[in-house]
Amino acid sequence: MRTPIKDNEAESAQFQRRAVLSLSLIVVAILIVLARFGELMVLRHAEFAARSDKNRVKLQPLAPARGLILDRRGVILADNRPAYRLELVPEQVADLDATLDALGEVIAFDAEERERFLELARARRRFQSLPLKLRLSDDELARFALERYRFPGVDVVPYLTRHYPQGPLFAHVIGYVGRIDVNELSGLDAKRYAGTTHVGKTGIERHYESALHGEVGHLRVETNAEGRVLDELDRSPPSAGRHLYLSLDSRLQQAATDIMVGKVGALVALDPRNGDVLAFVSVPSYDTNLFVNGISRSDYQALLEAPGRPLFNRALQGGYEPGSTLKPFVALAGLELGLRTSSDAIYSTGVFQIPGQTLTFRDWKRGGHGRVDLIESLAQSVNSYYYQLALELGIDRMHAYLSTFGFGAPTGIDLVGEASGILPSRSWKREKLDQPWYPGETVIAGIGQGYNVATLPQLAAATAAIAGNGQRFQPRLVNAERASFDVPIAPKPPLPVGPPLVKNPEHLLAVKQGLEAVMHGPTGTARAAARDVNYRMAGKTGTAQRVSRTRDGAEGTTGPRREGQRNQALFVGYAPAEAPRIVVALVIEQGDSGSLAAAPVARQIFDAWFELENAP
Amino acid sequence: MTFPANWSELGHRLAWLLPVRLDMPLVGALALLAVVSLIVVWSAGGQSADMVVKQALRFGVGFGMMFVAMRIAPGTWRRWTPWFFALCIVLLAAVLVLGEGKGAQRWLDLGVLRFQPSELLKLGLPMMLAWYFHDRVLPPSPQSVLVALILVAVPVGLIYRQPDLGTAVLVAGSGLFVIFLAGISWWWIATIAVLGIGSAAAAWPFLLDYQKARVTQFLNPDADPLGSGWQTMQSQIAVGSGGLTGKGWTDGTQSQLEFLPERHTDFILAVLSEEFGWFGVALLMLLYLFVIARSFWIAANARDTFSRLLGGAIAMTFFIYILVNSAMITGLMPVKGVPLPLISYGGTSAVSLLAAFGILLSIHAHRRV
């Protein structure tokens, strides 16, 4: 058999024959396809045109009603009120710019609202109805009704708008809802939010957005060729969002706000038995209703420039130098780690030096406090006791022990944006400042100064752990919910954090005695605040100065106060001392000392709460 | 890369990018298809600027791939072919072992990208057969045809096992075209046709339920108008109501009122039909026909057997997609997820098609003189 030779020319000719054949078949096939299109589009056009005309059933989303927010006694803190808004369907408007110009003469909206609308119009589908202006006034409604014929594709639509009856009282807890903006659109489930215009922006509204929102419903409608609704066919109703019950008591919240009026500061009150937040105050505050339907630029500017920065949530995001309020926890570390017994005493001369170093650290009392044991060290807030103890503990053990009480990490309270504070350690300093740790920093860390930063939820939760015999709870604002008012309230179980912290109950007892001595002892720093009280309270004051972040700041912070220096007055405490039902952590910025500015506020809160507890 | 010192240097660099033998008619026609795609996607996607921008970016990537593929000589493509084919087979086997997908295992998740290896075979199999025939005397001997049929059967069998009957048939088709173009005798063609029809009939009892459903639904779409026949019915209503001249751009009620499912992907031709009418469809088909004819012309003038067969197969495969998609839109074929080439919204198909046309452009640049 002869071996065939590859002949490129012959193969090419052969390929060309096959290619021409293929191409001819392809032309025939395309003609057949076009004939089939012709059959449907020309011969049977009338039949399909009629069927297409009947095909005008559209699915319209029905927005669910947002869940209500109520306080522990059922007082409504956030509800929904009927209002009207202006909507526009871009597809049905020939010249969008001209229409917006003409519309602006009937109903005033500013350039910002216009820009926001145009942005939304670019992102959503053109046949969707988009809100142009929310919450029309009666005047605007009347004017538009007269001019309506001029604006096809523009309509007034009733809706439910969020309302906060208590205004500024709960601004920093509940937060507010606002219009969905373009950036949020991509993060939301498009189906679930098809009919929704507002979304939680801050506070409870944001943290519990998913529960509050509810499930979208649908309306099947028949429309004409332009998409106008002719008839309603059937509907699957939306299911409203869940109603949330806060552990807050609006009466206590009101009382606390009244007590702190005119000041700049914050307060967190907890029930140490379950972590329920009883009051959550940051002053000054602002009216969240301004934000719901779009805040005007001038209003927003005014809030930004207002004294005391009302938009800043001090109770959640404020970081404060804990100062002496950290001493009970350092004392507990000394007892639990076996470095001290409660009767061990030191002698305070008024100055303290690290052996072999010349740097001096002072007591707040010139000449010193003399011989003090643990209880006296708390009652009189003796720095020397804690300088010495911190030095013996060392920063590593101190960091490890204090972090079990939750310092240096968010407490997990159910709000978005909680600050984590700083509980300094060697590795923290290496990472943040790229510097080694110095012994002098350990000394001032023992009195809560130096790099220490704590938040009010941390101080409150840690103090509650002492008040509650070592059991920590995650602070929480929502302690019950219900799917509707036809079903019973479903309480949420408390959220304990880890096992009880204190191994020896006697250690806890000693610290508690110290804290009681602060209020009731003959030498207690806050004894003035507890005068004539008909129950026993316990607590610890703290005074921090804002200029205190340098290494030698230890002297400045404890020396005599100079004019113009701004103190931050802190107080942590609980009552009644023997079986605590309320814990308070509070700060007054630009205040006097902790004993003079902060402790009396706590006393008034306790008084108010015990009175309210017994009230109907 | 430094900035060119003067304009003539810049000119030289551009000349490197665009060789003298660039086939402008083909590139121009492909670019025109991309423009048509963006116009229809704007309407089908509900006038969303986002979608148009995304699709434009995909075309950018696709044309980039095309220019890269064009810079690689056909000889280099040929040398890579067996390795590429082997890789495809390994990936297909991997899908069977560890793939994922709804019901059928089609997808391979490589962490950064998920893709269907079966898509690669639509180019990989014709390449392999062209490589095989390149060194053989044509028309092929019976032994060569048998080897070629085995080369077709292996990947097709693996894809069928996934199970993905539709892709298996398309991949088999792309392979059989090469054998046909290689000059196989008509006796062989008749034999294979008889065997094919016979095995299809014999396979019917072994088809899976969803595969049978597709066929029965296609045979009688009105039987269950809200079930599997819904798409076919709505698609035909969209097409038929378009008439000769269409309802106008973005005015198609079937598409805009959301009756038509998958209107921006597999059913985009129905949107085009509804809004631009029969004339619009005819113009699109003419554009497609031009691309196919030009591709055959390039293949016919190719330098060697590999380039010829591969070029022809690319043109044929491109046509088959058009045919299957239009047949599906007009209810002539069961619903099958085949996009309309270069028009449907989506990246995989557009990018891989443009890369294949890049090979065709490379074949053109190295044609016989």
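The values are calculated or read from the model by the stated rules, or taken from the named source; none is laboratory data. Quick caveat, the model's predicted, so the values are computed rather than measured. In this analysis, Cβ positions are derived from the backbone assuming ideal geometry, glycine residues included, and neighbour counts consider all displayed protein chains. Protein only, heavy atoms only, side chains kept; ligands, DNA and RNA dropped before computing areas. Shrake-Rupley method; radii C 1.70, N 1.55, O 1.52, S 1.80 Å.
Can you list the lysines whose alpha carbon is less than 23 Å from that of B:Lys212, not counting same-chain residues fewer than 8 positions off?
Of all the lysines, those that pass the test against B:Lys212 - Cα under 23 Å, at least 8 places apart if same chain - are B:Lys102, B:Lys336.
For region A:488-530, rounded, prolate or oblate, judged on the Cα gyration tensor with a ≥ b ≥ c (square roots of eigenvalues), a/c < 1.5 rounded, else prolate if a/b > b/c?
It comes out oblate by the Cα gyration axes.
Any idea how far apart A:Thr358 and A:Ser296 come out in nm if each label point goes 7 Å out from Cα toward Cβ?
A separation of 6.5 nm, rounded to one decimal place.
Compute for region B:22-365: radius of gyration divided by Kirkwood radius, i.e. Rg/Rh, restricted to C-alpha atoms, rounded to two decimals.
0.96
What's log10 of I(q)/I(0) for region B:123-209 at q = 0.15 Å⁻¹, Debye sum over Cα points only, no solvent?
-0.57
Mind ranking A:259-269, A:151-161 by how tightly packed they are, going by the mean number of other C-beta atoms within 10 angstrom, highest first?
Highest to lowest by the protection proxy: A:259-269, A:151-161.
Just the ratio, please: alpha-carbon radius of gyration of chain A over 2.2 N^0.38 Å, N its number of residues.
Working it through for chain A, the quotient is 1.36.
If R0 is 35 Å, what FRET efficiency do you get for B:Val194 and B:Phe290 from their C-beta distance, rounded to 0.05?
Working from the Cβ atoms, E equals 0.50.
Given a Förster radius of 35 Å and the C-beta distance between B:Val53 and A:His218 as r, what FRET efficiency does 1/(1 + (r/R0)^6) yield to the nearest 0.05?
0.70
Which one of A:Gly74, A:Pro158, A:Ser129 is farthest out on the positive end of the charge dipole of region A:58-246, using unit charges on Cβ (Lys, Arg +1; Asp, Glu -1) and the Cα centre as origin?
The residue sitting farthest along the positive end of the dipole is A:Gly74.
How much accessible area per residue does region B:22-365 have, counting only protein heavy atoms and a probe of 1.4 Å, in square angstrom?
39 Å²
Starting from the 7 Å offset along Cα-to-Cβ, what nm value, one decimal, do you get for the label separation of A:Gln435 and A:Val261?
4.5 nm
Give me the lysines in straight-line cross-link reach of A:Lys503: C-alpha distance below 19 Å, same-chain residues under 8 apart excluded.
Cα-Cα hits under 19 Å: A:Lys327, A:Lys512.
Among A:406-413, A:377-384, how do they line up by average Cβ neighbours within 10 Å per residue, starting with the highest?
Ranking the peptides A:406-413, A:377-384 by packing returns A:377-384, A:406-413.
In debye, nearest 20, what is the charge dipole magnitude of the protein assembly as shown about its Cα centre with +1 on Lys and Arg Cβ and -1 on Asp and Glu Cβ, if you could check?
Approximately 2340 debye in magnitude.
Find out how many positive minus negative residues lie around B:Val40, taking Lys and Arg as positive, Asp and Glu as negative, among other residues whose Cβ is under 12 Å from that of B:Val40.
That sum, taken over residues with Cβ under 12 Å, equals -1.
If you wrap a convex hull around the C-alpha atoms of region A:108-177 and split its volume per residue, what is the figure in Å³?
Residue-normalised Cα hull volume stands at 143 Å³.
Taking a probe of 1.4 Å and counting only protein heavy atoms, give the total accessible area buried between chains A and B in Å², rounded to the nearest 100.
It comes to approximately 4600 Å² buried between A and B.
Which residue, A:Val261, A:Ala419, A:Leu86, has the largest displacement toward the positive end of the dipole of chain A when charges sit on each Cβ (Lys, Arg +1; Asp, Glu -1)?
The Cα lying farthest towards the positive end belongs to A:Ala419.
How far apart, in nm, are two points set 7 Å out from the Cα along the Cα-to-Cβ line at B:Asp135 and at A:Val156?
Output for this residue pair reads 8.4 nm.
Starting from the Cα-Cα distance between A:Asn469 and A:Arg17, subtract it from 0.36 nm times their residue separation and give me the gain in nm to one decimal.
Between A:Asn469 and A:Arg17, full extension yields an extra 153.1 nm.
Can you give me the angle between helix A:327-336 and the longest principal axis of chain A, using Cα atoms only, in degrees from 0 to 90, rounded to the nearest 10?
That works out to roughly 80 degrees.
Among A:Lys432/A:Lys540; A:Lys58/A:Lys133; A:Lys365/A:Lys540; A:Lys263/A:Lys365, which pairs are too far apart, with a Cα-Cα distance over 19 Å?
Correct reply: A:Lys432/A:Lys540; A:Lys58/A:Lys133; A:Lys263/A:Lys365.
Would you work out which of B:Gly280, B:Ala93, B:Ser144 lies farthest towards the positive end of the dipole of the protein assembly as shown, given +1 charges on the beta-carbon of Lys and Arg and -1 on that of Asp and Glu, about the Cα centre?
Value: B:Ser144.
Helix A:111-123 versus the longest principal axis of chain A: what angle, 0 to 90°, nearest 10, using Cα atoms?
The two axes meet at around 60 degrees.
Over the whole of A:21-28, what's the average partner chain Cβ count within 10 Å per residue? Rounded to a whole number, please.
So the per-residue partner count for this stretch is 5.
Please report the carbon-and-sulfur percent of the accessible area for region B:22-365; probe 1.4 Å, protein heavy atoms only, DNA, RNA and ligands left out.
72 percent
Evaluated at 20 °C with a viscosity of 1.002 mPa s, what Stokes-Einstein diffusion coefficient in µm²/s does region A:58-246 have when Rh comes from the Kirkwood expression over alpha-carbon pairs?
In µm²/s, the coefficient rounds to 120.
Can you give the mean number of other chain Cβ atoms that lie within 10 Å of the Cβ atoms in peptide B:241-253?
Neighbouring Cβ atoms belonging to other protein chains average 4 per residue here.
Angle check, please: helix A:250-259 long axis (alpha carbons) against the longest principal axis of chain A (alpha carbons), in degrees 0 to 90, nearest 10.
60 degrees
When DSSP beta bridges are limited to those with both residues in region A:58-246, what percentage is antiparallel, rounded to the nearest 5?
Roughly 95 percent of the DSSP beta bridges within region A:58-246 come out antiparallel.
Run the 1.4 Å probe and let me know the accessible area of A:Glu611, rounded to the nearest 10 Å².
Accessible area of A:Glu611: about 140 Å².
Averaged across the residues of B:295-305, what count of C-beta atoms belonging to other chains lies within 10 Å of each residue's C-beta?
Average per residue, whole number: 4.
Taking every eigenvalue of the Cα gyration tensor of region A:1-159, multiplying by 5 and rooting it, what semi-axes result, largest first, whole Å?
Ellipsoid half-lengths, sorted descending, are 63, 24, 19 Å.
How high is the FRET efficiency from A:Glu119 to A:Ala29, r the C-beta distance, R0 56 Å, rounded to 0.05?
0.75
Could you please report the charge total around A:Trp428, scoring K, R as +1 and D, E as -1 over all other residues with beta-carbon less than 12 angstrom from its beta-carbon?
The answer is 0.
By average Cβ neighbour count within 10 Å, what is the ranking of B:272-282, A:344-354 from highest down?
B:272-282, A:344-354
Please report the carbon-and-sulfur percent of the accessible area for chain A; probe 1.4 Å, protein heavy atoms only, DNA, RNA and ligands left out.
After summing per-atom areas, the C and S share lands at 53 percent.
Which net charge results for the neighbourhood of A:Thr404, defined as the other residues with beta-carbon distances under 11 angstrom from its beta-carbon, given Lys and Arg at +1 and Asp and Glu at -1?
Every neighbour counted, the sum reads 0.
Place a +1 charge on the Cβ of each Lys and Arg in region A:58-246 and a -1 charge on the Cβ of each Asp and Glu, then give the dipole magnitude about the Cα centre in debye, rounded to the nearest 20.
For region A:58-246, the charge dipole is close to 760 debye.
If I model region A:1-87 as equal point scatterers sitting on the Cα atoms and use the Debye formula, what is log10 I(q)/I(0) at q = 0.10, 0.15, 0.21, 0.25 Å⁻¹?
With no solvent term, the Cα-only Debye profile gives -0.68, -0.88, -1.08, -1.18.
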